[in-house]
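The block underneath contains the structure these notes are about, expressed in structure tokens.
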Amino acid sequence: MGKHKAKELEVVLKARDFIRESEINSVPVNLKLYSAVAGAEIEVCHDLDDEESGQTFFLNGRNIITVNGKHTEERQRFTILHEIGHIILELPSKHQDGSIKTTDLMSYRQRPEEEVLCDIFAAECLLPYDFFKKDIEDVDICLDTIKELSKRYRASIHSTGSRFAANCEGLCSFVLIEEGQIRYVSSSKSLRELKGWIDIGVPVPQNSVAFHLIKNRSETEQYNEEIPTEIWFNNGVGNYDMLCEEAIFIKEWNQCLSILWFDESLKPAGEIQPYDVGYGEPLLLEELDGILRWPSKSRRKNRLTSRIQSQHTE
Ligand SMILES: [Zn+2]
């Protein structure tokens with residue numbers, strides 16, 4: 001395990017302890033429960049610059065967290081939890097001078113490690129694993145699922161999409177593209193195991209769905225299509241010739257969010273395998289009790305139905 005990964009895991013485990021200690025038992029999470037345990041008071045400020053997300057001050061034995069009232073509720077919730085991260089993880093803030101933005105998604109390249117770790121803490125607290133894992137069982141991989149989840153958790157589409165891909169059982173990646181460059185990628189364990197890597201800091205691949213949406217600064221805000229795997233993955237992914245890509249262009253921020261996934265129906269004829277291929281964790285669990293379970297018919301049917309529906313809307 002790399003140095004970054006080990007630290008990330010430590011932060012995730014600390015966040016889970018903190019969630020338990022705060023007695024979070026429903027979503028969207030009640031931030032008051034968290035701030036009480038952290039000994040923090042939250043102040044919404046309406047006179048901060050647009051760029052400024054929030055800060056923490058220590059005053060008379062209390063942590064005072066300020067948050068920018070001009071930002072969306074989702075962003076404010078993330079900022080507050082990022083600041084609580086600084087308190088709980090005892091990591092010094094590197095954005096007191098205002099030069100470093102707190103943000104839902106950034107990579108190591110642009111931000112100090114302390115800040116990335118506080119973002120990881122915030123995402124864990126905002127989308128607690130125990131709830132989120134259950135909510136993504138048996139759902140279709142698509143942007144609408146991510147949008148629904150983001151409403152349920154009052155989290156941004158960015159952080160919800162990132163966590164969705166990271167925890168998804170299927171082969172799936174969530175990509176953030178800004179000004180035509182790939183800024184952030186989150187991929188499922190099974191896709192990483194098949195070496196389905198996407199580079200950060202390079203232009204969005206030509207002929208991807210995201211590429212076309214950006215090129216046309218598309219009025220059609222959301223679009224999905226089956227495209228050749230090699231457009232995104234030079235070295236291929238398993239035996240999959242085709243992948244599904246669904247992307248949304250957000251004009252306001254010059255950003256494009258894209259979700260890529262593979263499913264069984266995309267395999268070449270004659271190569272369709274039982275459901276276990278590429279699904280590491282569940283198979284392991286099933287092996288423990290010695291009973292191999294095949295996918296239920298309803299699950300397959302759901303996937304097919306959604307594919308048919310998406311074809312109709314195009
Ligand atoms: Zn910070």
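A simple packing score, the average count of other Cβ atoms within 10 Å per residue, orders the peptides 21-34, 149-162 as 149-162, 21-34, with the highest score first. Ordered by the count of other Cβ atoms within 10 Å of each Cβ, fewest first, 138, 47, 144 give 47, 138, 144.
Pairwise alpha-carbon distances in the stretch 3-126 exceed 18 Å for 49% of all pairs. Between residue 206 and residue 13, the distance separating the two model label sites (each 7 Å from Cα on the Cα→Cβ line) works out to 4.8 nm.
The slack between residue 47 and residue 253, meaning 0.36 nm per residue of separation minus the straight C-alpha distance, is 72.0 nm.
The order of 59, 260, going from fewest to most other C-beta atoms within 10 Å of their C-beta, is 59, 260. Taking a ≥ b ≥ c as the square roots of the eigenvalues of the Cα gyration tensor of the stretch 131-208, is the shape rounded (a/c under 1.5), prolate (a/b larger than b/c) or oblate? Here the stretch 131-208 falls in the oblate category.
Here, each number is a calculation from the coordinates, and none is a lab measurement. This one's a predicted model, so the numbers in the text were calculated from it and none came from an experiment. When we count neighbours, we look across all protein chains shown, and the Cβ atoms used for this are built from the backbone with ideal geometry, even at glycine.
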